[in-house]
Amino acid sequence: MGDEIIRALDSVDVRIAAGEFVAIVGPSGSGKSTLANIVGGLDRPDSGEVLIEGRDLASLNDRELSAYRNRRVGFVFQAFNLHPGYTALENVGLPLLFAGVGARARKRRAEEVLRAVDLGDRMGHRPGQLSGGQRQRVSIARALANDPEILIADEPTGNVDSRKSAEIMHLLRDLNQQQGLTLIVITHDAAIASQADRVLAMRDGQIEEPEETGEFVADVVRTQRKRVG
Amino acid sequence: MRFPDYFAVALKNLWRRKLRSSLTISAVVIGAMSVIVMLSLVLGAKRVFVQQLNSMNALSLVTVSGDPNAEGGDLFSGGQSADESAKRMDEAALKDLAGIDHVKALTPTVSVWVRSLGMAGSDKKMWPNLLAYEPGAGVLSLPLAAGRALRPGDMNKVVLGNRAIRAFGYGDRPESAIGKRVMLYADGWAYYNDWTGNPPEPLPNAGDEYWDTIGKIQRPIMAEVVGVAASGMSDGNNFISMGWARKLMVQRSWKFDDAKAKLIEAERRQAKQGTPNVPDVQPMRIERTDGIAEKGYASIMLKVDDTANVKSVVAAIERKGYGATSAQEMLDQLSKLFLILGLIAGAIGGISLLVACIGIVNTMVMAMYERTREIGVMRACGATRAVVRRLFTLEAGLIGVFGGMIALGVAFLMAQGGNALVNRFATAQSVPISDVIAFPAWLVAGVLGLTAFVGTSAGVFPARRAARLNPVEALRYE
């Protein structure tokens, strides 16, 4: 068992255009999250290339990869992953903190993003004092703090009720359509997948069938850099 | 990430777990306290010693004995030796030593032997050291608890030492002993000397009773207490002037006089031939035995013009074949001893600091498990491994520094209280010491540095583990 190599991803060739909204669907263990994490620079592929504007993420060192996650990617998690001891404002300020933004500028920017997700009146609240939908909006605000180009949302509506789920998807779609944010959403929900420009269905680490609009380029996951926000 | 933000985040993390942080910090406090207490005890002991030497101006004193090999003598006894190679400590030796460069003043010292010392109004008797020196020579300047120092012409005047004054019950009020009379009890024949006078002349047909009576009875030599020495290096010594000692050391006794006996014999023969009333005279005369002239001084004490020259003077003395003891030498040796003691004490204190260090490691490893998910989020938000590592290390280091700071604060208050107590006690006991518990700046800096180091190094291992966590797995961690 220990020697068995499990391929989370196997020969996945996918190209994602800047500003695209891609939904990744598939059963548990099909490699959805692994794909998203590799695109987001959280994980590294054992082989192959992940090209962002022609630069291979696999060739970056920890600092460069961290900077990439920090500046160009925003993550939204199913479990929100907010810091329970921090206020909404402090949670949103976290990526700014790692970007070396000073305390005052951090606060200003965090306030701005929180207002943008309609939480202007909840800035001093801790996650425990917020509803599920509000928490997810805080985590979206956190993902947006450094004005990234790519937003990766792993089951963003998995922990909220259906009404709030629609609100969150609405917010994400707005960011995609109005600000040109490249949106990668992992979901089980067909309704959400149906809103995407393209759906990547995964099974056993492979993309099952190309969707009608997909253009595939061998060994490449690519986004085009475009300033958003 | 900006430098001040590291502190803000680390402090916030510590604050979040108040109980655990304070428990871990208190372990460091205990560890640091034991290091501080151990070190300041050793430092304090050294300080007491140096203060006492200074208070007697002892650091510029050298005690010369006749025997170059006599070891272990303290400042007041040159270590008298029966060695035949020993040089005689006499007037010639005094002149010889006075010729050495940098010798400012010198005095011979002798120990006067008496059976016991008593005090008027006290039943207590004790066996005393009576040390005589030349008060006018300007060598010894004893710190006094009460009264005055000896003066050159002082006869039957004594400066009592701390042990005697306590034995007689004046320990806490030495000034009341001034003017009181003390009795130096001497055995039989030893009582009679140039100060007390001749023993009673034996009667013509004096039998054994006469000799027994004189030999067995202890008689007191009276003296007045003029001063009380402060407690210090030589609590067992009582001091008298050399002038008086010279008289006390010349023993007087009756000896059979051959010449006189012959004379009497001749007179007796003449008497038989006619003259009837020849007075019944004993053929005895008084013999004076000068102990100092016979055996020399116990030692010669000299004062060097500057403490810096003590070493060269000691060397010069030893070249001349004498033995020399200086407080400086003692201080040098004691400094080494104190250094070793300090290291041992510090190591003993360090053990509890080591235990505290393990406590920090434990706390930080627990924190790592607890915050695994948080670490994952931090990494997803762009924290590098180095940032995670630095945050954990800093947090551990802060535990150490806080522990050190609190320990120093507590130790400082304790030292204030302790010194106040010791000072009061010392004043009451007329011990010339103050502020025994030392708290030098290097100790403060050293303790802070040490606890910071201990904390930081305790953080290294957990911080590395935290930094190496796979962010994806960390985010999935329940």
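For B:ILE399, are the conditions met, namely being β-branched (Val, Ile, Thr), surrounded by fewer than 22 Cβ atoms within 10 Å (Cβ to Cβ), away from chain A (no Cβ under 11 Å) and part of a helix (DSSP H, G or I)?
Here the answer is no, as B:ILE399 does not meet what is asked.
Based on this model, can you work out whether A:ALA18 counts as part of a loop (DSSP other than H, G, I, E, B), at the interface with chain B (Cβ under 10 Å from one of its Cβ atoms), in contact (Cβ under 8 Å) with a residue 60 or more places away in the chain and surrounded by fewer than 20 Cβ atoms within 10 Å (Cβ to Cβ)?
So A:ALA18 fails the test.
Answer yes if at least one residue in the stretch B:188-196 is assigned to a helix (DSSP H, G or I), of a type outside the set (D, E, K, R), assigned by TED's automatic domain parsing to the domain that holds B:TRP254 and within 23 Å of the chain's Cα centre (by Cα), and no otherwise.
There is no residue in the stretch B:188-196 that is assigned to a helix (DSSP H, G or I), of a type outside the set (D, E, K, R), assigned by TED's automatic domain parsing to the domain that holds B:TRP254 and within 23 Å of the chain's Cα centre (by Cα).
Which of the residues that make up the stretch A:100-129 are at pLDDT below 95, small (Gly, Ala, Ser) and under 15 Å from A:LEU144 (Cβ atoms)?
Residues satisfying the conditions are A:ALA116, A:GLY120.
Working only within the stretch B:153-211, note down all residues that are exposed (fewer than 14 other Cβ atoms within 10 Å of the Cβ), farther than 28 Å from B:TRP254 by Cα and either modelled with pLDDT under 85 or among the acidic types (Asp, Glu) (or both).
Of everything in the stretch B:153-211, those that are exposed (fewer than 14 other Cβ atoms within 10 Å of the Cβ), farther than 28 Å from B:TRP254 by Cα and either modelled with pLDDT under 85 or among the acidic types (Asp, Glu) (or both) turn out to be B:ASP172, B:GLU175.
Answer yes or no: is there a residue in the stretch B:217-229 that is acidic (Asp, Glu), under 29 Å from B:ALA137 (Cβ atoms) and at pLDDT 90 or above.
The answer is yes, given that some residue of the stretch B:217-229 is acidic (Asp, Glu), under 29 Å from B:ALA137 (Cβ atoms) and at pLDDT 90 or above.
Table: residues versus (1) in contact with a helix residue (DSSP H, G or I) (Cβ under 6 Å, 6 or more places away or on another chain); (2) away from every other protein chain (no Cβ under 14 Å).
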position	(1), (2)
B:MET1	yes, no
B:LEU11	no, no
B:VAL42	yes, yes
B:ALA58	yes, yes
B:GLY66	no, yes
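Within the stretch B:437-458, can you find the residues that are of a type in the set (A, V, I, L, M) and within 11 Å of B:VAL28 (Cβ to Cβ)?
B:VAL447, B:LEU450, B:ALA452, B:VAL454, B:ALA458
Go over the candidates A:ARG55, A:ARG69 one by one and state the one that is out of contact with any Phe, Trp or Tyr (no Cβ under 6 Å at 6 or more places or on another chain), buried (at least 21 other Cβ atoms within 10 Å of the Cβ) and among the basic types (Lys, Arg).
Every option except A:ARG69 fails the conditions.
So which helices (runs of 4 or more DSSP H) are wholly in the stretch A:43-123 and hold at least 1 residues that are away from chain B (no Cβ under 14 Å)?
Counting at least 1 such residues, we get A:88-98, A:103-116.
Kindly indicate whether any position in the stretch A:161-182 is modelled with pLDDT of 85 or more, small (Gly, Ala, Ser), farther than 25 Å from A:TYR68 by Cα and surrounded by 14 or more Cβ atoms within 10 Å (Cβ to Cβ).
yes
Can you pull out every residue in the stretch B:201-238 that is of a type outside the set (A, V, I, L, M, F, W, C) and in contact with a helix residue (DSSP H, G or I) (Cβ under 7 Å, 6 or more places away or on another chain)?
B:PRO202, B:GLY215, B:LYS216, B:ARG219, B:SER231, B:GLY232, B:ASP235, B:GLY236, B:ASN238
Say whether the condition of being at pLDDT 80 or above, of a type in the set (D, E, K, R), outside any loop (DSSP other than H, G, I, E, B) and closer than 22 Å to B:ILE286 by Cα is met by at least one residue in the stretch B:233-250.
Scanning the stretch B:233-250, I find at least one residue that is at pLDDT 80 or above, of a type in the set (D, E, K, R), outside any loop (DSSP other than H, G, I, E, B) and closer than 22 Å to B:ILE286 by Cα, so the answer is yes.
Quick one: B:ILE406 ticks every box in (1) at positive phi; (2) modelled with pLDDT of 95 or more except a single one, so which number is it?
Of everything listed in (1) at positive phi; (2) modelled with pLDDT of 95 or more, B:ILE406 misses just condition (1).
Does A:VAL39 count as among the β-branched types (Val, Ile, Thr) and within 14 Å of chain B (Cβ to nearest Cβ)?
yes
Quick check on this structure: which one of B:VAL226, B:VAL250 is farther than 21 Å from B:ARG163 by Cβ, of a type in the set (A, V, I, L, M, F, W, C), in contact with a strand residue (DSSP E or B) (Cβ under 8 Å, 6 or more places away or on another chain) and in contact (Cβ under 8 Å) with a residue 24 or more places away in the chain?
Answer to the selection: B:VAL250.
Regarding B:MET405, is this residue closer than 24 Å to B:GLY31 by Cβ, away from chain A (no Cβ under 11 Å), touching a residue at least 60 places away in the same chain (Cβ under 8 Å) and surrounded by fewer than 24 Cβ atoms within 10 Å (Cβ to Cβ)?
Judged against the criteria, B:MET405 is not a match.
So, in the stretch A:150-183, how many residues would count as being within 14 Å of another protein chain (Cβ to nearest Cβ) and closer than 18 Å to A:ILE52 by Cα?
Within the stretch A:150-183, residues that are within 14 Å of another protein chain (Cβ to nearest Cβ) and closer than 18 Å to A:ILE52 by Cα number 3.
One line per residue, one yes/no per condition, for (1) touching a Cys at 6+ places or on another chain (Cβ under 9 Å); (2) in the same structural domain as B:LEU23 (by TED's automatic domain parsing); (3) buried (at least 16 other Cβ atoms within 10 Å of the Cβ):
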{"position": "B:PHE412", "(1), (2), (3)": "no, yes, no"}
{"position": "B:ASN419", "(1), (2), (3)": "no, yes, yes"}
{"position": "B:ILE437", "(1), (2), (3)": "no, yes, yes"}
{"position": "B:GLY449", "(1), (2), (3)": "no, yes, no"}
{"position": "B:ALA458", "(1), (2), (3)": "yes, yes, yes"}
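The values are calculated or read from the model by the stated rules, or taken from the named source; none is laboratory data. Please read all numbers here as calculations on a predicted model, not as lab measurements. In this analysis, Cβ positions are derived from the backbone assuming ideal geometry, glycine residues included, and neighbour counts consider all displayed protein chains.
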